Structures are given as C-alpha cells and as structure tokens.
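Note sheet for the following structure.
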Amino acid sequence: MYSYSAKRGLGHRSMIIAARVLLAAALPTAAAGEGVIDFESVPSGAPSLGLEITDQYWADFGVKFSISGSDEDTMRLGDYGGLREGWSSSYGYDSLRPEYDFGGYFLAHPDLGAVLLRDVLIEYDTPTEELGFHLMDIDSTEAWTITVYDASAGPIGQKIYDPSDGGDALPTHVTFTQDDTGGIPISGVRIHYSGDLPDAAVGFGFDDFTAYTIPEPATFALLGMGGLALLRRRRQTSA
Ligand SMILES: [Ca+2]
Ligand SMILES: [Ca+2]
C-alpha cells in the first residue's frame, strides 16, 4: 500500500490530489443525482387533470406520494388556471402571479373542501441529503408544518411556513439541507396543515420537487482519512 510518510515530497502532492478527489467526491454528486419532478411529464403516461399520482416516479426518481391514513385516496394533478383543484387567488383559480411559470400541472390534494385536510407524505427509495419544492399561495392564516424523517421514521428536522414566507398567488420555496437535519439523510417528508384558516378553505398546491440523491455510502467513508485506501481499492477494482 502507498505510504505518504515514506516519500514526503510526493506525499505532499498526493495529499493535495487526495484533497481534490475528496472535494470532487463531496461536491458534484448532488448535481449528478439531482432530479426534478415538475409534473409536466409522468412516467408511463401523460399528465392530465385529475390524474392520480402514486408511485409513477418511483422507478425514475425513487420517490412516491401518498396521503396519510389512506391506502385508497391518492394525490392527483391539478392544472394551472383551470377549475379549482388547489387554491383561489386574486389572479383566479389555481393561478399564480403572471411572472411565475410552473408549467401546466401541479400536485393537488385529493380532499379539496374536506373538513379535515390530511397529511401529504413523500417517501424515498434512497435517502436524500437535500430537497426542495414549492407550495403555492400560502396566504390568509394558512400555515404548513414540514417534517423530515430518517430511515427509522424518526423526525430529524421541521420547518413551519406561513404567509410571511409567501402570500396570495405566490410560490413558497421549501428547502431542507443537511444543515437542517444534522447531516442525517432524509428518507421521508410529511406536509401537515397547521394554520388557523379552516381546512375546508385551504388550498394545496405543490410543484417543482427537487431531490438530490446522496453519494453512495462509500463516499461518506472517504471523508475520513481511512477512506482514501478505500477509494484506491475501488479505483483499482473498477479500473
Ligand atoms: Ca409544474
Ligand atoms: Ca391559499
């Protein structure tokens, strides 16, 4: 095995190279593993108003959407500017301010006008280190509590979004990074309505969901010095 201490000069260069390798391993993986679900296309089908959304994105993106406490009800697609599937604003049903373009479709709750707005759940096949999505039209006295979970379904981070984060006909960008979870990968998300406005008057609109696949487990090991040997072994193996 290569020894740094045996050849100090070369060892120093190697350390710099190793640092660059580690940096490269730590940084671009997020971009490489990035996937955006904008609901403008649906695997194995075309988007349409009212289309039930369940696990269509599981194979390609490793995520699925469901409603808490129900195996039968599913999320569905709403269309911007159409009938009210999500919210109403001063710009019309399911309409954002004209300067915002999120395409034709968004993810809507199945229980528009229901007495009790149930939680929306997002599950990951492979845990993610970051995520982001937009909630639409958080106005009046609405509020949403977003909780993220680890692989054991334990909560590892929570944020509350209210009209101070959005407003009428505005998108609110919800994000979680490793800073919010203490570095623990995210395996699940719960979107819970926690506002004062009665559930029946609340609109739910969700779009542009971005997930970042975490680096493969070996990359985490690389962050420790012992991992360098692992990298070298992996390279030799794969070469
Ligand atoms: Ca969209
Ligand atoms: Ca609203």
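The values are calculated or read from the model by the stated rules, or taken from the named source; none is laboratory data. Nothing here was measured: the structure is a model prediction, and the numbers come from that model. In this analysis, Cβ positions are derived from the backbone assuming ideal geometry, glycine residues included, and neighbour counts consider all displayed protein chains.
Looking at Ser41, is it surrounded by 11 or more Cβ atoms within 10 Å (Cβ to Cβ) and modelled with pLDDT of 90 or more? Reasoning before the result, please.
On the way: surrounded by 11 or more Cβ atoms within 10 Å (Cβ to Cβ): yes; modelled with pLDDT of 90 or more: yes.
Taking the combined requirement at face value, the residue satisfies it.
Residues Leu135, Leu112, Leu107, Leu117: which one is within 13 Å of ligand 2 (Cβ to nearest atom) and either at positive phi or part of a strand (DSSP E or B) (or both)? So the residue among Leu135, Leu112, Leu107, Leu117 that is within 13 Å of ligand 2 (Cβ to nearest atom) and either at positive phi or part of a strand (DSSP E or B) (or both) is Leu135. Scan segment 89-98 and give yes if some residue there is away from ligand 1 (no atom under 16 Å from the Cβ) and within 27 Å of Glu34 (Cα to Cα), otherwise no. Looking through segment 89-98, none of the residues is away from ligand 1 (no atom under 16 Å from the Cβ) and within 27 Å of Glu34 (Cα to Cα).
Considering Leu121, Leu116, Leu197, the condition of being modelled with pLDDT under 95 and under 24 Å from Ile53 (Cα atoms) is satisfied by Leu116 alone.
I'd like to know if segment 90-97 contains one or more residues that are in contact with a Pro (Cβ under 8 Å, 6 or more places away or on another chain), modelled with pLDDT of 95 or more and surrounded by fewer than 16 Cβ atoms within 10 Å (Cβ to Cβ).
yes
Phe106 passes every criterion in (1) surrounded by fewer than 23 Cβ atoms within 10 Å (Cβ to Cβ); (2) within 16 Å of ligand 1 (Cβ to nearest atom); (3) within 16 Å of Glu85 (Cα to Cα) apart from (1). Residues of segment 131-164 that are hydroxyl-bearing (Ser, Thr, Tyr) and in contact with a strand residue (DSSP E or B) (Cβ under 9 Å, 6 or more places away or on another chain): Thr145, Thr147, Tyr149, Ser152, Tyr161. Among the conditions (1) at pLDDT 95 or above; (2) within 16 Å of ligand 1 (Cβ to nearest atom), Ala211 misses just one, which is (1). Residues that are touching a residue at least 24 places away in the same chain (Cβ under 8 Å) and within 12 Å of ligand 2 (Cβ to nearest atom) are absent from segment 179-191 altogether. For first residues located in segment 93-104 and over 10 Å from Met136 (Cα atoms) and without any contact (Cβ under 8 Å) to a residue 40 or more places away in the chain, partners that are within 13 Å of ligand 2 (Cβ to nearest atom) and in a loop (DSSP other than H, G, I, E, B) and lie 6+ apart or on another chain with Cβ distances below 7 Å form the pairs Tyr93/Arg84. In segment 57-80, the count of residues that are assigned to a loop (DSSP other than H, G, I, E, B), at pLDDT 90 or above and farther than 21 Å from His134 by Cβ is zero.
Picking from residues in segment 78-94 that are under 23 Å from the mean Cα position of the chain (by Cα) and among the small types (Gly, Ala, Ser), the one that is nearest to ligand 2 (Cβ to nearest atom) is Gly86.
Which one of Glu85, Glu129 is closer than 25 Å to Ala200 by Cβ and either touching a residue at least 24 places away in the same chain (Cβ under 8 Å) or not small (Gly, Ala, Ser) (or both)?
Working: Glu129 fails: closer than 25 Å to Ala200 by Cβ.
Glu85 is the lone residue from the list that is closer than 25 Å to Ala200 by Cβ and either touching a residue at least 24 places away in the same chain (Cβ under 8 Å) or not small (Gly, Ala, Ser) (or both).
Any residue at all in segment 148-155 that is crowded, with 18+ Cβ neighbours inside 10 Å and modelled with pLDDT of 95 or more?
So the first thing to find is which residues in segment 148-155 are crowded, with 18+ Cβ neighbours inside 10 Å, and the list is 148-149.
With modelled with pLDDT of 95 or more added as a condition, the list becomes 148-149.
Yes.
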